[in-house]
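Below you'll find the structure, written out as structure tokens, and then a few comments.
Derivation of every value follows stated rules applied to the coordinates shown; laboratory data play no part. This is a predicted model, so every value here is computed, not measured.
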Amino acid sequence: ADEPAAGMQAESYEDLCKRHVERLLSAASTHAKQTDLSQRVATWKKKVASELHKCEKREAFDLAQVAEVLKKDEGLSSSSITECLEKGECLQAEETFEVARKFLVLLMLKSDTVSLVTPLSGKENVGSSAPPAAKSKL
């Protein structure tokens, strides 16, 4: 009754132990890789969390409003936009996200595409149906 089925050989106790140890080592290796990855993700998350929090606190980016401010306050014309983009003088002493925003607006002013973006009304939030470019969180 305890004889092995036809075609199957009885494994020795030593063979069973070897297979079990091999499976255990394989599982331990997989677990170690997953643990290392989860530690790396946790470290990355800590580094990025504060920056994401800062980004979420910033007000929505309204391309049309920034374009109007640049036109009025800095008196930008087509030629002065080109000069500003080439020399970068108007982009100095700003926070990184402000430089990116201003650069985008200057490029759009240069290509005359800012007029295609409708201004935000102030009551709308990031989840509303305004054009995505007008609400970017750069």
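Please give the contour-minus-distance gain from SER26 to GLU59: 0.36 nm per residue of separation, less the Cα-Cα distance, rounded to one decimal in nm.
Full-extension gain reported as 6.8 nm.
Of LYS45/LYS71; LYS45/LYS72; LYS47/LYS102, which sit over 30 Å apart, Cα to Cα?
Flagged as over cut-off: LYS45/LYS71; LYS45/LYS72.
For segment 16-115, what is the relative contact order in percent, using Cα pairs closer than 8 Å and at least 6 residues apart in sequence?
26 percent
Apply the Karplus curve 6.51 cos²θ - 1.76 cosθ + 1.60, θ = phi - 60°, to the phi angles in segment 16-22 and return the couplings in whole Hz, x for Gly and Pro.
After applying 6.51 cos²θ - 1.76 cosθ + 1.60, I find 4, 5, 4, 4, 5, 5, 4 Hz.
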